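Throughout, read-outs are computed from the coordinates displayed, never taken from laboratory work. What you see is a predicted model; the values in this text were computed from it and never measured. Using ideal geometry, Cβ is built from the backbone for each residue, glycine included, and neighbour counts are taken over all protein chains shown.
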Amino acid sequence: MIEIQNLTFEYAPNQAVFEKFSWSVGRGEAWAILGPSGCGKSTLLYLLAGLRIPINGVVKVDGQVLTRPRPQSGLIIQDYGLLPWATVRQNAELGMDIRRFYGPDGKHAPKESRPVQIDVSPWLVRLGLLEQAEKFPGQLSGGQRQRTAIARTLALQPDLLLMDEPFSSLDAPTRESLQQLVLELWREQDLTLVVVTHSIEEAAMLGQHILLLKTPPNINAQVIANPKMSQVDFRNSTDYQALCHDLRERMLA
């Protein structure tokens, strides 16, 4: 699904964030990108989204070299990206409105696109937002705003879901509830999932595989397997606690 080959990226000369970096993600896998602030987590996600272009090397998604954003990819950012003057329903419909405007041109909407869903109500129901459908973002809780952003993205039926620290500003119960929701949607929708986080506990919950980044330049991909993340009540298991301990030790090394 994702193939990064010999990637080099820098914001300033001789200050590489990634240098000859290679990494791959299989279709349908769930990955967490973990690391301290400034290590390049969000930069890597924006490279996967086609919002940044490498200086050298290539980023391929579904066999195609990225040169711009890909319409089959969904991106959810930290501050939700909602229009404050639009209702929940209008925000959820925004991506579909853009696709209808441009048509299946291969740039804004896939040429082989499935029929554009007209009614977002099923997503509002699935995400517990139907009663808030006519409210504005300023009238919502943080969790409801993030659910609206998820509804807007999934209404476009992406095959790749990219999330940039999506729950960092939420309280612990809301964050855990949304983590569980994302895992359910990942399984239901057959998504490839890549989540950026600075939280060890969140990485352990959301990643089948965890990519650990360190202080730049990142040269080698350090990958930690998490095969038991799909177990029932994994959060309360000794395996979860052991993984969190291991990740903490690796981050401090």
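Going by average Cβ neighbours within 10 Å, how do the peptides 92-101, 240-249 rank, with the highest at the top?
So the order, starting with the most tightly packed, is 92-101, 240-249.
Mind putting a number on the dipole of the stretch 15-68 about its Cα centre? Charges go on the C-beta only, +1 for Lys and Arg and -1 for Asp and Glu, and I need it in Debye to the nearest 20.
100
Which lysines, if any, have their Cα less than 23 Å from the Cα of LYS41, not counting same-chain residues under 8 positions apart?
The reachable lysines, counting only those whose Cα sits under 23 Å from LYS41, are LYS20, LYS60, LYS214.
Quick one: P(r) of the chain from all Cα-Cα pairs, 10 Å bins, percents rounded to integers, in order of increasing distance.
Taking every Cα pair in the chain, the percentages come to 7, 30, 35, 22, 5, 0.
Which net charge results for the neighbourhood of LEU129, defined as the other residues with beta-carbon distances under 12 angstrom from its beta-carbon, given Lys and Arg at +1 and Asp and Glu at -1?
Taking every other residue near LEU129 into account, the sum is +4.
In Å and on Cα atoms, what radius of gyration and Dmax does the stretch 178-217 show?
Using the Cα atoms of the stretch 178-217, the pair Rg, Dmax is 11.5, 37 Å.
Output the direction-averaged projected area (hull surface divided by four) of the convex hull of the alpha-carbon atoms of the stretch 24-123, in nm².
For the Cα atoms of the stretch 24-123, the hull's average projected area reads 8.5 nm².
Counting just the Cα atoms, what span does the stretch 67-169 cover along each of its three principal axes? Round to the nearest Å and put the largest first.
Here the spans come out as 37, 27, 23 Å, largest first.
Could you please report the charge total around ALA253, scoring K, R as +1 and D, E as -1 over all other residues with beta-carbon less than 13 angstrom from its beta-carbon?
+1
Which whole-number percent gives the relative contact order of the chain, counting Cα pairs below 8 Å spaced six or more residues apart? It would help to have the intermediate numbers written out before the result.
Details: 473 pairs, mean separation 69.5, N = 253.
After rounding, I find 27 percent.
What share of Cα pairs, in percent, lie more than 19 angstrom apart in the stretch 180-253? Don't jump to the answer; show the numbers that get you there.
On the way: 950 of 2701 pairs.
Percentage above 19 Å: 35.
Taking a spot 7 Å from the Cα of LEU51 along the direction of its beta carbon, which residues of the stretch 162-194 have an amide N less than 19 Å from it?
162-170, 192-194
Calculate the dipole size of the chain relative to its Cα centre from +1 charges on Lys and Arg beta carbons and -1 charges on Asp and Glu beta carbons; express the result in debye to the nearest 20. Before the final figure, lay out each step's value.
Numbers: 25 positive and 27 negative charges, 104 e Å.
For this selection, approximately 500 debye.
Where does the charge balance sit around GLU93 when Lys and Arg score +1, Asp and Glu -1, over other residues with C-beta under 11 Å from its C-beta?
Spelling it out: positives minus negatives among the neighbours equals +2.
Which value at 222 nm does the chain reach when only helices count, each DSSP H run of 4 or more adding -39,500 (n - 2.57), with the total divided by all residues and rounded to the nearest 500 deg cm²/dmol?
The helix contribution divided over the chain gives -10000 deg cm²/dmol.
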